[in-house]
1. So how do A:437-446, A:519-528, A:315-324 stack up, highest first, on mean other-Cβ count within 10 Å?
2. Residues of B:51-57, mean number of Cβ from any other protein chain within 10 Å of their own Cβ, rounded to a whole number?
3. Starting from the eigenvalues of the Cα gyration tensor, five times each then square-rooted, give me the equivalent ellipsoid semi-axes of the protein assembly as shown, largest first, whole Å.
4. Give me the summed buried accessible area for the B-A pair, 1.4 Å probe, to the nearest 100 Å².
5. Pulled fully out, how much extra length does the chain show between A:Arg134 and A:Arg254, if you take 0.36 nm times their separation in residues and subtract their Cα-Cα distance?
6. Between beta-carbons, use under 11 Å as the cut-off and find the net charge around A:Gly153, counting Lys and Arg +1, Asp and Glu -1.
7. Report the equivalent ellipsoid semi-axes for segment A:158-303 in whole Å, largest first, defined as the square roots of five times the eigenvalues of the gyration tensor built from alpha carbon atoms.
8. Leaving out ligands and nucleic acids, note down the accessible area per residue over chain A with a 1.4 angstrom probe, in whole Å².
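The values are calculated or read from the model by the stated rules, or taken from the named source; none is laboratory data. Keep in mind that this is a model prediction, so the values were computed, not measured. For neighbour counting, all protein chains shown are included, and Cβ atoms are generated from backbone atoms with ideal geometry for every residue, glycine included. Each accessible area value is taken on the protein alone, full model and side chains, heavy atoms only, with ligands, DNA and RNA left out. Shrake-Rupley method; radii C 1.70, N 1.55, O 1.52, S 1.80 Å.
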Amino acid sequence: MSNGTEFYFYEDRVEARGMDIRLLRRLLSYLVPHKGLIALALAGLLLGTACQLAGPYILKLVIDRNVTPRVLDGMAGRILLYLAALAGAMGFLYLQMFSVSLIGQRVILHIRTEMFGRLQRLPVSFFDRTPTGRLMTRLTSDVEALQELISSGLVSTVGDVALLAGTASVLLWMDARLALVVFAVLPALVLFVELLKRFIREANREKRRKLARINAYLQEHVSGVAVVKAFVQEEKSVRGFDARNEEYCAESIRLTNFYSVYFPGVELFASVAVALLLWQGGIRVIAGAVTFGTLVAFLEYAQKFYNPIKDMSDKYNILQAALASSERIFHILDMEVSPEYGPVPSGGEEDAGAVDAWGAGGARRAGPPAIEFRDVWFSYPKGGGEERGMVLRGVSFALLEGETGAIVGATGAGKTTILNLLCRFYEISRGEIRLFGRDVREIPRGELRGMISLVLQDPFLFSGTIRENVEAGGAAIDRAVEVAGVARFSAAWDGGLITQVGERGGRLSVGQRQLVSFARALARDPKILILDEATSSVDPVTEHELQSALAKILSGRTSLVVAHRLSTILSADRIIVMHRGKVRETGTHQELLAARGIYHRLFTLQFAGR
Amino acid sequence: MTREAIDGISAPGGRARVVRAVSWMVLFAALHGGFRYFGRRGMLVNASRVEMRLRRDLLFHVIRLPLAFFGRTPTGDVMSRLTNDVSAVWLFLGPGLLILAGTAISYVLALFFMARISVMLTLVSLALAPVVVITSREYGRAFHRYHRKAQESLAAMNAALQENIAGIRLVKAYGLEGQEEKRFHRACREYYRQNVSVSKTSAAFHGAIGLLAGIGVALVLLLGAWLVIRGRLTLGGFVAFNAYLAMLSFPTMALGWVINLFQRGGSAMGRINEFLGIPAEPREPSLFPPRKVPDAPFLEVSDLSFAYEGQDRGEALRGITFSLRKGEIAGLVGQTGSGKTTLFSLLLRLYPVPPGTVFLEGRDVSAIPLDEVRRAVSLVSQDPFLFSDTILANIGFGRDVPDEEDARRAASMARFLAEIEEMPGGMHAVIGERGISLSGGQKQRATIARALCAGGELLLLDDALSAVDSETEQEIFREILSVRGGRTVLFSTHRMASLSRCDRILVLEGGRIVEEGTHDLLLSRAGAYFDLYSRQLLVRELEAAP
């Protein structure tokens, strides 16, 4: 499937576009709540810069007033002043660095939480077509890029500009001609830095990409080591690694080469600048046009001058990357939430009252069917492959309250889709799905979720304890763990119900995970229980226990089950035979066998041994 | 030369002296740049090569470690040694040594010239150096510690996110959105807290180090100025001294960092060596390889008991004894935890097999070279693990060079070929995040094709068709059985229709074989197998059906 192609095109477009004022403004709006901290950072920055600029000037004073005329008067005071300026600069530096990073961290905490909240409410189809890795990148790297922008971009750019402007004006004020000497080296330096940085950036990106490839390869071969061993392919694994490893090494060497030119080159420029300054300055000192102190101060200022210039091209790069990231972030934040999170269409209200009254009456099978599909047509939303046709084609069936319905059919017949639609994970194309007489689209989300318990084909658990996992389903924990047989196996463990299940439940066996997911489904005492082939990998004994326990709790509760197991099918009140998106047969086991149709064929195939 | 220039300024005929000194300066700077270029390149390139070798050798070793090692070592740990630890070694060997060398050179040269200018000033200026080194080392440590914590909380945050995305249907179905948001927010906050610690430390360090440097400069200034006033030092000497001092400030700071790199690199190398010290699976061919015994059964297991090391669950297998003739098809049934997977793993010698318990064609497998055992046996495990490579590379994984014809044949036997051909790229389609994502059933059939393509004479199927519908399972079995002459098959399944086809059924319970025989024989015995069978099939309902 062409997963998330949308995103690919999207990213390309962003790279090409570059700056966008609207985007920048929206980004800045996240800074508004932190006005106080920003003021603090800016204050620290400006005062720090002022203190930094004062240093060399005081040095000049020491030289001109004390050293050259050889007097000690006031020297200690000046040096103390120098120290004070430095202490001030450092104190303000601390203040500024810390508050800036605090702002950055707070903003991304906010954005990340906001994104996660939005993600929770996006339609399931979004997750179908977007690879997990890409979503992870949105919430990690892209958000980090913003943090980078705030921490080392926005505020320190202001700082750099202040420092540059400050230094330039002090230099011009002290001696305009010498200042021009300092500036003379700039264009060449900027050109050199800009040129090499471009290569370095590209090589760095390439190196990171190669490292990611290495890591992905390692990860895969470490987790699949049993397969490598079983097929005696250790050599091949290492060979495959060699190629990637060498590529990475070559890329690192390329980067090293660039850096080996870059660092000494920048230093050479600085030396040339100092030499020029000494030459021109020396001549002017001899001519008596400037003092010694001024020359020494110039030497000091020159250093402060070149650093921000070296960083400038990085800053622009950070800004570009952050804008691209923020566009991707806002794209997620701007996505429309799944319709079920929106308001319920009017008209649902009276219906709800009517159903409640009916529900309270409790007269079995007196009212409308618990689950009813009326001519439902459905195709999975676009993006998951172009030529996907209708998955359901006019499906109609009804299940009365308290009945167990079993959906059978070959893979791809649309069995799981029916369950997905019942949970309203997707919106249907045509037709109606009614629960207790109400259209699912008119049932508020909270109420719908409260009615239904779902057990997925893959028994997914969240990391945490068994108890927490069951609790996620509802409050009736004790009964649920008892009935589902979770209590039985967990009792043998030290932790009992508060045993950690590990990531995705990995510390439990597949069978145990299944049992816990059953308990979770039972814990909310649902009106409707939905099971998707959940029993397929439990061994017969465990399954039997579970089935008989389920039978108890299922009585009086509507349930819809996708199952391959005979016992499940046999105990169903109604069997719905699906074939290629259509309901082909419905009825009880006996009725269907007698009809000698698809069901009869499936049945004899599966249980041919007898 | 700065001194020369500045002194020249104040001396008679200074102009020429200034120009000469400045020219020398430029020349020296150019030479210095050249040396640095070659030094830097030479050392870093070398370090990158060492890093590459180290990573390769480590993988080479790790991949040959026994499976039990991977059972007790989390993947994350193995990964971190293969990636972070190797990088830490590089960081020391490359930038670390480079800076160390640079520092040493700067120190020797600068101190030499500084001492020539003024011994007293040199001593004063060195007074603060130890404090700077210690401060930066401590900072390096603290930074590293906080940084690691931050990385850990980042990993936790990522795990929470990934789990949430993977379980999004459940989140929605159970209305857990709010709860999940809280959970994620907690993880984010923790990450935030760690990051704030990191930046607090680093801001404090930068402030402190700047202040220390400032104190040093002020001290030198005070004393230097006094010396100049007293006429014991020239002005040029004074300025040059300051310049030398400035040259030393970075190496002094870096020294603390290098010490820290050295410590980290050392402990990383220690962790790497720890892995390198674990003995790999023995795979040397034995001096006297056992001979095949002509009339021996193809597979014979005799009184095989096995317990996983370091687990007090007791024995996973107890006194397993059975044998299979060449070409025989045997089924293995038993509930979860009865020891089926353990038995399969041992037949492949994925765990050490006690001598004298498992024989292939009369040869004790513990004496046959490991590679030979594993080539003779093809396993399809419960968990259908595939590599993110082409379908062809996956199916042909057991061969040194995958052959497309063979792979197609195997795929066709596994009832997978038709679906492969519908995929864009066919056999060359890439499986994985950017390629094709396979369904559970497709993955299982791909792993079966892989085993068939590898061509082992003993085929082991460990519940390998659970996600395939029963019709397809029957077809696959028919295919496998049709070439039965060459292959011996042992498989586990819950599906009775498949079991009824095999020559023999072994029933495992609690690590023991409790029943053995044909389907009909076992049913007639009304024992454990019959129980399993009747529970699953609900025979009574079947008989009631018309």
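1. Going from most to least packed, we get A:519-528, A:315-324, A:437-446.
2. 4
3. 71, 37, 24
4. 13600
5. 40.3 nm
6. -3
7. 55, 14, 10
8. Spelled out: the 1.4 Å probe surface of chain A, per residue, equals 41 Å².
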